[in-house]
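A.B. asks: Below: one structure in structure tokens.
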Amino acid sequence: MEGKYINESRAVKAAHVQPLDTNYHGTMFGGKLMSYIDDLAALSAIRHARKPVVTASTDSVDFLCPIKEGASVCLESFVTYTHKTSMEVFVKVITEDLLSGERKLCATSFLTFVALGEDGRPDIVPPVIPETDEEKMLFESAEGRREIRRIRREDSRRFSEVFTLNQPWEKQNGAVKE
């Protein structure tokens, strides 16, 4: 399968942070920003695969500085790495004080998406071709993040064997005596 340039998956979203988007500190709700991140990352994954995708994991969302009410928030996403059916997507978030023009990198995130074929099962995706120094750095460090995801997935599977869905939390942990 022929590779695709990372730039072909690039997506951008900008929004004005309104009062309903903020918490009692006057800063943007983390969950609201996470919703923006997942939405934009999915667009990048679909652009790369040209297939429907599902979010397999949100590896990290690192909040670096607060986003204040009245500021703008600009998100940029792109596919940094692919495996057989999965794609790692990087999202960077920049906030801008619209009155002063000061801009800051306020969050970064890595997510993994899986492409789906017509049968709804995972389907092959094209490899990526990095061009810029930023793209090459993210591409070259992707295998390490992929290994961390594999270990975390194994932990989650072990947790699922312990925490069943048909017992209340307290009963599972011995808090309730029968």
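The values are calculated or read from the model by the stated rules, or taken from the named source; none is laboratory data. From a predicted model like this one, the values you see are computed outputs, not experimental measurements. In this analysis, Cβ positions are derived from the backbone assuming ideal geometry, glycine residues included, and neighbour counts consider all displayed protein chains.
A.B. asks: Check whether at least one residue in region 25-38 is part of a strand (DSSP E or B) and either at pLDDT 95 or above or on the phi < 0 side of the Ramachandran plot (or both), and report yes or no.
C.D. replies: Within region 25-38 (the criterion being part of a strand (DSSP E or B) and either at pLDDT 95 or above or on the phi < 0 side of the Ramachandran plot (or both)), the answer is yes, since at least one residue qualifies.
A.B. asks: Go through (1) of a type in the set (A, V, I, L, M); (2) in contact with a Leu (Cβ under 6 Å, 6 or more places away or on another chain); (3) closer than 20 Å to residue 139 by Cβ and name the single condition residue 93 misses.
C.D. replies: Every condition holds for residue 93 apart from (3).
A.B. asks: Let me ask something additional. Among the residues in region 43-56, are any among the polar types (S, T, N, Q) and surrounded by fewer than 17 Cβ atoms within 10 Å (Cβ to Cβ)?
C.D. replies: There is at least one residue in region 43-56 that is among the polar types (S, T, N, Q) and surrounded by fewer than 17 Cβ atoms within 10 Å (Cβ to Cβ).
A.B. asks: Still on this structure: Taking residue 68 as the residue in question, decide whether it is at pLDDT 95 or above, closer than 19 Å to residue 145 by Cα and not acidic (Asp, Glu).
C.D. replies: no
A.B. asks: Can you confirm whether residue 156 is more than 22 Å from residue 10 (Cα to Cα), at pLDDT below 95 and exposed (fewer than 12 other Cβ atoms within 10 Å of the Cβ)? Walk me through how you get there before you give the answer.
C.D. replies: Values: more than 22 Å from residue 10 (Cα to Cα): yes; at pLDDT below 95: yes; exposed (fewer than 12 other Cβ atoms within 10 Å of the Cβ): yes.
Yes: the conditions hold for residue 156.
A.B. asks: What number of residues within region 78-99 satisfy the criterion of being crowded, with 24+ Cβ neighbours inside 10 Å, in contact with an Asp or Glu (Cβ under 6 Å, 6 or more places away or on another chain) and either free of Cβ contacts under 8 Å to residues at least 60 places away in the same chain or of a type in the set (Gly, Ala, Ser) (or both)?
C.D. replies: Looking only at that region, the number is 0.
A.B. asks: Looking at residue 65, is it out of contact with any helix residue (DSSP H, G or I) (no Cβ under 9 Å at 6 or more places or on another chain), surrounded by fewer than 17 Cβ atoms within 10 Å (Cβ to Cβ) and part of a strand (DSSP E or B)? First the steps, then the outcome.
C.D. replies: On the way: out of contact with any helix residue (DSSP H, G or I) (no Cβ under 9 Å at 6 or more places or on another chain): yes; surrounded by fewer than 17 Cβ atoms within 10 Å (Cβ to Cβ): yes; part of a strand (DSSP E or B): no.
No: the conditions fail for residue 65.
A.B. asks: If I filter region 104-140 down to residues being in contact with a strand residue (DSSP E or B) (Cβ under 7 Å, 6 or more places away or on another chain) and either part of a loop (DSSP other than H, G, I, E, B) or aromatic (Phe, Trp, Tyr) (or both), which single residue comes out as nearest to residue 91 (Cα to Cα)?
C.D. replies: Looking at residues that are in contact with a strand residue (DSSP E or B) (Cβ under 7 Å, 6 or more places away or on another chain) and either part of a loop (DSSP other than H, G, I, E, B) or aromatic (Phe, Trp, Tyr) (or both), I get 110.
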